[in-house]
Amino acid sequence: ERAAVADALLPGQPFDAGPAKSWGTAVSIENLVFPSEAPRVGVDSQGNAVAVWRYDYSGFYQMQSSRYTFDAGASGQWADASAVPVIVSGGDPFYQALAVTPAGRAYVAYRHSYTAPPGTNIWLTVMESTGQWDASVLAANTFASGVSAGHPSIVINANGTGFIVTEGDGDAGLQNSIFATAITGGAWSPTPESIETGSPSLAFGPRVAVT
């Protein structure tokens, strides 16, 4: 059984090779009886952090999160784990990707698999700086074009400009292309743009960055 475990630097100490810097003691930030896996973590400009992970709930996957509140005079504190709202329609969330803005908003993009008909799309949920998660929205509807999405990467800058890139399987696992979507008018455009194609093409594991 795996558990989500977090570690943090001592308060106010950026990590470098100097003798005064050290890592704190790892602590458990979830107490589920189910196996937890694939943790992701991001940090804002004030040193507050958000961690997300998924867990196997008797054969069905769900996601949880925890927030770390930085305290310059103490060791900081991880909040109790809470559920991340995912779309539930006969499938599971996989391959979650996390981005945290300097102001503390957390964005989680994840692949959701469908069983009828079989296929996948990329969905997105946002945690406001207050700690409240918004409902998931469709962020990249590759399935509408007969393409199953997977392994998203997400990035958001301080101005709110954001991108999601994902691979897409359009030919029973034999052909993969790369798709991208961006924030348009304050919302994610659910119609992704193909930014790499080939015949045949085997493109995997895209990553994205923004200035």
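The values are calculated or read from the model by the stated rules, or taken from the named source; none is laboratory data. Computed from a prediction, not measured in an experiment: that's the story for all the values here. Here the Cβ is made from the backbone with ideal geometry for all residues, glycine too, and neighbour counts use every protein chain on show. SASA here: full protein model, heavy atoms, side chains in, ligands and nucleic acids out. Shrake-Rupley method; radii C 1.70, N 1.55, O 1.52, S 1.80 Å.
One residue is enough: does segment 34-43 have a residue meeting the conditions outside any strand (DSSP E or B), modelled with pLDDT of 75 or more and surrounded by 13 or more Cβ atoms within 10 Å (Cβ to Cβ)? Checked against the condition, which is being outside any strand (DSSP E or B), modelled with pLDDT of 75 or more and surrounded by 13 or more Cβ atoms within 10 Å (Cβ to Cβ), segment 34-43 yields at least one hit.
Put simply, of Gln62, Gln13 the only residue that is of a type in the set (S, T, N, Q) and at pLDDT below 80 is Gln13. Which one is farthest from Leu98 (Cα to Cα), of the residues in segment 62-77 that are assigned to a strand (DSSP E or B) and open to solvent by 40 Å² or more (accessible area, probe 1.4 Å)? The qualifying residue farthest from Leu98 (Cα to Cα) is Gln77. Across segment 142-168, the number of residues qualifying as surrounded by 18 or more Cβ atoms within 10 Å (Cβ to Cβ), touching a residue at least 40 places away in the same chain (Cβ under 8 Å) and assigned to a loop (DSSP other than H, G, I, E, B) comes to 0. The residues of segment 47-59 that are surrounded by fewer than 20 Cβ atoms within 10 Å (Cβ to Cβ) and more than 16 Å from Tyr95 (Cβ to Cβ), listed by number, are Gly47, Asn48, Tyr57, Ser58, Gly59. Quick one: what pairs do we get from segment 185-197, first residue part of a strand (DSSP E or B), second of a type in the set (S, T, N, Q) and at pLDDT below 80, C-beta under 6 Å, 6+ apart or different chains? That search, which allows pairs on different chains as well, returns Ser194/Ser177; Glu196/Ser177.
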